[in-house]
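The values are calculated or read from the model by the stated rules, or taken from the named source; none is laboratory data. Just so you know, these numbers come straight off a predicted model, no measurement behind them. So basically every Cβ, Gly included, is an ideal-geometry build from the backbone, and we count neighbours across all protein chains shown. The area values use the complete protein model at the heavy-atom level, side chains included, leaving out ligands, DNA and RNA. Shrake-Rupley method; radii C 1.70, N 1.55, O 1.52, S 1.80 Å.
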Amino acid sequence: MISFIKNLALEAGRLCLEGQKNLSLHDLEFKSEKDIVTETDKKVEAFLVKAILARYPDHGVLGEEYGAVQTKSGLRWIIDPIDGTTSFVHRLPFYSISIALEKEGEPVLGVVYAPALNQLFYAEKGKGAFVGDTAIHVSETRELDKAVMATGFACLRAGRQKNNLPIFNEIVPKLRDIRRFGSAALDLCYTALGSLDGFWEMNLNIYDIAAGTVILKEAGGVVTDFTGGGQFPEKGIAAANKALHNELVRILTGFHVL
Ligand code: IPD
Ligand code: CA
Ligand code: CA
Ligand code: CA
């Protein structure tokens with residue numbers, strides 16, 4: 001199953017690179033303020049959904065652009081065809097195709113592919129996490145002042161509270177540095193890789209984080225909501241290596257933002 005999905009992600013990556021050739025920053029479609037959607041987002045999701053349902057007709061699907069196909073099998077694919085569309089249209093490399101398999105409500109398989117960087121992250125529950133053929137593991141960083149973390153600003157999009165900025169101002173001076181790549185899926189994968197030591201964000205959707213959370217957990221990371229519970233991403237997402245996760249949650253809990 002995972003080889004089939006990895007190959008689909010690689011083909012979807014080729015669609016992205018092809019679609020980028022004809023992109024114009026002066027002719028963008030917006031679903032809401034700052035939430036761009038391109039013909040390539042739609043084309044990639046249609047390609048993935050058609051291929052997955054042809055192989056697994058009794059499975060369900062939830063995609064960012066075309067919504068849900070219901071199922072009674074307890075198996076559902078969660079797809080973000082391009083996570084980081086803003087990066088994609090600005091021809092920045094930090095965007096990814098994110099595909100997760102959810103079994104009875106729990107993500108158990110995740111594939112995240114960054115076409116511009118040729119990085120293919122994947123994991124199945126209980127089988128470890130990989131990039132390409134290399135096993136990956138979270139960092140061993142134990143102090144915030146030696147940590148590099150990532151976040152994002154979904155909260156600044158229309159109709160959402162602007163409530164990550166105070167957290168950002170509180171956390172960043174405690175860190176070695178901060179990164180804002182533009183793809184929550186890659187933020188989770190780079191934390192799994194040990195390049196980032198942690199990631200937090202609010203106002204994300206399940207399709208942003210489903211695949212990345214499988215990969216991060218299989219790499220030895222911890223993923224919770226802002227209070228340390230299991231209601232992510234609805235109540236925010238706090239993801240880090242084991243040594244830093246409690247400290248990250250302690251800071252986030254203090255903001256009572258959700
Ligand atoms: C976005 C990315 C970004 C996050 C936004 C998401 P999209 O996904 O994950 O990092 O900050 O909130 O919407 O919209 O490009 O699929
Ligand atoms: Ca979007
Ligand atoms: Ca997304
Ligand atoms: Ca998307």
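Miscellaneous remarks
- Beta bridges by DSSP in the range 127-258, antiparallel share as percent, to the nearest 5: 60
- Rg and Dmax over the alpha-carbon atoms of the chain stand at 17.3, 50 Å.
- With protein chains left intact and a 1.4 Å probe, residues in the range 144-254 average 36 Å² of accessible area per residue.
- Among G194, A219, L156 the positive-end extreme of the charge dipole of the range 144-254 (Cβ point charges): L156
- Within straight-line cross-link reach of K127, lysines at Cα separation under 18 Å, skipping those fewer than 8 residues along the same chain: K6, K103, K217
- Carbon and sulfur %, accessible surface of the chain computed with the full protein complex present, 1.4 Å: 50
- Here the Karplus curve 6.51 cos²θ - 1.76 cosθ + 1.60, taken at θ = phi - 60°, turns the phi angles of the range 238-246 into couplings of 10, 10, 6, 5, 4, 6, 9, 4, 4 Hz, with x standing for Gly and Pro.
- Maximal additional length on extending the Y66-H26 stretch stands at 12.0 nm, based on 0.36 nm per residue less the C-alpha distance.
- Taking only the alpha carbons of the range 1-135, we obtain Rg and Dmax values of 14.8, 46 Å in that order.
- Placed amide H near L62: partners under 5 Å, 5+ positions off or other chain: V69, W77, I78, I79
- For the range 98-248: Kirkwood Rh in Å [reciprocal of mean 1/r, alpha carbons]: 15.1
- Translational diffusion coefficient (Stokes-Einstein; Kirkwood radius from C-alpha pairs) of the range 98-164 at 10 °C, 1.306 mPa s, in µm²/s: 105
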